[in-house]
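The values are calculated or read from the model by the stated rules, or taken from the named source; none is laboratory data. The structure presented is a predicted model; accordingly, all values stated were derived computationally and were not measured. Please note: Cβ atoms are built from the backbone with ideal geometry, for glycine as well, and neighbour counts cover all protein chains shown. The accessibility values were calculated without ligands, DNA or RNA, using every heavy atom of the protein model including side chains. Shrake-Rupley method; radii C 1.70, N 1.55, O 1.52, S 1.80 Å.
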Amino acid sequence: MPTLAKPCVVTGSCPGDLGDTEVLWKGRQMCVSKASGIIKVFGALEAALGHINQAVVTCEKQAKCLKRAYWALFNLGLYHSTGEDYYYGQSIYILKKALKCTLPMLPDSPLGWLYCADLCCATIKTARVWVRWVERRVAALEEGKEAILILNHLGNILFELMRTTHHSVKTRRGLVTVKPREEETAPAWL
């Protein structure tokens, strides 16, 4: 039977302070500061999962793809906790399924900076911001950087899902408002 690490003991600490806390990182039980990069990764990961879940509830047309994005990120969190390659592989597998789900929905809208014009677009954008935040937190750590590949592509998929909603695009010619057709067809480049 595996032995557990000694519990964290910090004299005079209260919940919410910067005392130590226990975390499972890459299969190792560790006692780290609440201000450590590992805790910040898990905090940002939890926020990103919450925002993707909100996007699933908000965006009917994109829900299937967003659910796949959620599970790709969830499995990535399990990989960071356990260090087991199985979860990393699952994350990549589900990420590919999210991409295959997204591509047929893409409109032939111009590329550029997106301004959200409806609740679904704004919700996906918030989820994307948090996924990028997880990516930056992981980049600041010494280990686990292989997750950046998945996080980067997940952020890209969320950007593309934003394009499937009512939005405006800032181009050289000005602001172009895009309303996706009811029955989307695959773009010519697919």
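Suppose R0 equals 45 Å; then what is the FRET efficiency for Lys26 and Leu111 from their Cβ-Cβ distance, rounded to the nearest 0.05?
0.75
Compute the relative contact order of region 38-81 as a whole-number percentage, counting only Cα pairs closer than 8 Å that sit 6 or more residues apart in sequence.
37
Give the carbon-plus-sulfur fraction of the accessible surface of region 101-162 in %, rounded to a whole number; probe 1.4 Å, heavy atoms of protein chains only.
Whole-percent figure for carbon plus sulfur exposure: 63.
Rg(Cα) of the chain divided by 2.2 N^0.38 Å?
1.19
By how many degrees, 0 to 90 and rounded to 10, does the Cα axis of helix 147-163 deviate from the longest principal axis of the chain?
Taking the Cα atoms of the chain, the angle to 147-163 is about 30 degrees.
Mind listing the long-range amide H neighbours of Trp25? Cut-off is under 5 Å, sequence gap 5 or more, other chains count too, H placed in the peptide plane at 1.01 Å from N.
Answer set, sorted by chain and number: Met30.
Check Val178: other-chain or 5+ apart residues with amide H under 5 Å from its amide H, H built from backbone geometry?
His167, Ser168, Val169
Express the relative contact order of the chain as a whole percentage, based on alpha carbon pairs under 8 Å and six or more residues apart in sequence. Walk me through the intermediate numbers first.
Details: 292 pairs, mean separation 41.9, N = 190.
In percent, rounded to a whole number, it is 22.
Taking the Cα centre of the chain as origin, sum charge times position over the Cβ atoms of Lys and Arg (+1) and Asp and Glu (-1), and report the length of that vector in debye to the nearest 20. Mind showing how you got there, number by number?
On the way: 24 positive and 17 negative charges, 104 e Å.
Result for the chain is approximately 500 debye, rounded to the nearest 20.
Taking the Kirkwood radius as the inverse of the mean 1/r across Cα pairs, report the Rg/Rh of region 119-160.
Ratio value, two decimals: 1.05.
Quick check on packing: order 83-91, 162-170 by the mean number of other C-beta atoms within 10 Å, highest mean leading.
Peptide ranking by packing, descending: 162-170, 83-91.
Considering every pair of different Cα atoms, what Kirkwood radius, in Å, is found for region 84-129?
For region 84-129, the Kirkwood estimate is 13.0 Å.
Please list the non-local residues whose amide H lies under 5 Å from the amide H of Ser109, H modeled 1.01 Å from N, same-chain partners needing a gap of 5 or more.
Long-range HN contacts for Ser109: none found.
For the chain, find the longest principal axis of its Cα atoms and tell me its angle to the long axis of helix 63-82, 0 to 90°, nearest 10.
20
Provide the per residue accessible area, probe 1.4 Å, for region 14-156, rounded to a whole number of square angstrom. Each step should come with its number before you reach the end.
On the way: 7170 Å² over 143 residues.
Ligands and nucleic acids excluded, the result is 50 Å² per residue.
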